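Here the structure comes first, spelled out in structure tokens, and everything after it is commentary.
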Amino acid sequence: MTPSEPPVVTPVRPQLLRPREGVQPTTSTELFFDLVFIFTITQLSHYLIAHPDWRGAGRTGLLLALVWLVWVYTTWLTNWLQPDQGPVRTMLIGVGLGSLLLSAAIPQAFGSTGLLFALVYVIVQVGRTLFALWAVQGSPWLVAGFQQSLPWIAGTSVLVVLGGLVDGPARGALWAAVIVAEVVGLSIGYPLPRRGRSRPERWMVEGGHLAERCAAFVLIALGESILVTGSALTSHVDLVTSGAFLLAFGGSVALWWVYFARSAPAATEVIAHAGERTGALSRVAFNFLHPVIVAGVVVTSAADERLLREPGAPATTVDVLLTLGGPALFLAGHAAYKALLWRALPSSRVTAVVVLLALMPVGVWLEAPVAVCAAVAVAVTVAVILTDRFRVRAPAQ
């Protein structure tokens with residue numbers, strides 16, 4: 001027995017545990033759970049559109065991070081548990097309902113629905129962790145992991161509720177502290193007095209499943225982006241807006257191509273065969289980097305809706321930041337993801353991010369039409385795709 005293998009035990013509820021035999025498939029129950037987050041992405045992009053300033057962008061990021069914590073911790077749990085078993089399925093439906101309420105509270109989360117958002121968040125996070133402790137009884141290392149995380153989750157839950165009780169900048173500060181505490185806690189293994197840390201090599205993670213689940217979320221976010229632009233198109237259909245829609249659709253296709261054409265299957269293989277590194281890789285790749293990729297989709301979705309409103313209007317600073325910043329954020333997150341897995345800097349993505357950032361002040365200075373800015377963003381993303389296709393690389397990358 002190697003140090004990373006769990007001791008021989010008899011789980012109390014073995015029927016609830018997933019087998020560790022290759023990449024575990026994503027079930028229909030998990031996909032149904034994900035559908036709730038289509039609404040979440042819509043709410044976040046609309047929040048950003050309604051608050052097109054630095055404060056609005058920061059608050060959108062905070063809300064995305066909090067919702068992502070709900071989704072990704074639930075996804076980690078279903079990495080260990082069988083989603084189609086009755087108790088687990090019931091838990092997922094309950095978390096899905098809570099996530100739907102969280103999403104409904106997003107428009108006024110920094111106003112009248114802040115306390116509702118906080119209370120639902122706490123019920124979901126703490127309730128799911130308590131369910132996990134019940135479900136994995138008899139599996140010492142899984143039990144130990146959830147016992148380590150529960151006090152941290154309870155502590156951050158107190159901060160979330162306190163944030164819901166106060167107004168103004170204090171709410172944002174407290175909720176930002178929650179994100180920092182969660183990142184730090186997970187990074188150092190949720191240390192507790194006399195218990196030490198939870199070591200990632202002992203998390204018994206099936207990394208291929210987590211990779212496929214996060215890829216499914218990215219796909220859902222991109223699909224929501226198309227839904228938003230399609231809805232905007234129906235309000236005013238003519239030749240100009242149809243052209244703008246095709247441009248927005250092309251941008252979504254380009255982002256999809258960057259993520260899925262080659263990297264997604266290869267990433268699943270890398271993480272699935274990472275051995276003792278799987279837990280540590282998954283922690284960074286899925287908890288920390290994928291929300292950046294999703295944030296890029298949210299910003300791009302907001303930019304696409306503004307594009308369809310007035311494609312020929314001179315681009316404001318906000319238009320330029322959204323139109324060029326969305327793809328830049330997406331590509332930066334994906335560059336970090338690839339660098340983590342293959343330990344090599346993906347130069348095409350890094351170059352594209354630098355180009356997009358450099359073009360921002362140019363677009364503002366020239367007051368280029370919104371459609372031109374969008375076309376430039378698509379062109380830069382397509383350049384990444386072409387570079388990937390024609391550059392000589394190792395087959396896995």
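From Cα pairs below 8 angstrom and at least 6 apart in sequence, can you work out the relative contact order of the chain, rounded to a whole percent?
Numbers: 534 pairs, mean separation 68.8, N = 397.
That works out to 17 percent.
Just need the relative contact order of segment 64-123 here, percent rounded to a whole number, with Cα pairs under 8 Å and 6+ apart.
With pairs under 8 Å counted, the relative contact order is 27 percent.
Using a probe radius of 1.4 Å on heavy atoms only, what accessible surface per residue do you get for segment 237-302? Whole Å² is fine.
36 Å²
Work from the charge dipole of the chain (Cβ charges, +1 for Lys and Arg, -1 for Asp and Glu, about the Cα centre) and give the residue of GLY251, PHE39, ALA332 farthest towards its positive end.
ALA332
ARG195 to LEU97: extension gain in nm, 0.36 nm per residue of separation minus the Cα-Cα distance?
Taking ARG195 through LEU97 to full extension adds about 31.8 nm, to one decimal.
How would segment 62-209 be classified by its alpha-carbon gyration tensor: rounded, prolate or oblate, with rounded meaning a/c under 1.5 and the a/b versus b/c comparison settling the rest?
Values: a/c = 2.24, a/b = 1.41, b/c = 1.59.
The shape class here is oblate.
Ignoring ligands, DNA and RNA, please state the percent of accessible area on the chain from carbon and sulfur, probe 1.4 Å.
Values: 11600 of 16590 Å².
Accessible surface attributable to carbon and sulfur in the chain totals 70 percent.
Students often get this wrong, so try it: which of (i) 69, 51, 44; (ii) 66, 54, 35; (iii) 83, 44, 37 is Cα extents along the principal axes in Å as calculated from the structure shown?
(ii)
With a ≥ b ≥ c taken as the square roots of the eigenvalues of the C-alpha gyration tensor of segment 137-256, please select rounded if a/c is under 1.5 and otherwise prolate if a/b is larger than b/c or oblate if it is not?
The shape class here is oblate.
List the residues, sorted by chain then number, that are 5 or more residues from LEU17 or on another chain and whose placed amide H is less than 5 Å from its amide H.
So LEU17 has HN proximity to GLN82.
Could you work out the relative contact order of segment 136-287, using alpha carbon pairs under 8 angstrom and six or more residues apart, expressed as a whole percent?
On the way: 116 pairs, mean separation 40.6, N = 152.
RCO, segment 136-287: 27 percent.
The values are calculated or read from the model by the stated rules, or taken from the named source; none is laboratory data. All values reported here derive from a predicted model rather than from experimental measurement. With ideal geometry, Cβ positions are generated from the backbone for all residues, glycine too; neighbour counts draw on all protein chains shown. In case anyone asks, the SASA skips ligands and DNA or RNA and just uses the protein heavy atoms, side chains included. Shrake-Rupley method; radii C 1.70, N 1.55, O 1.52, S 1.80 Å.
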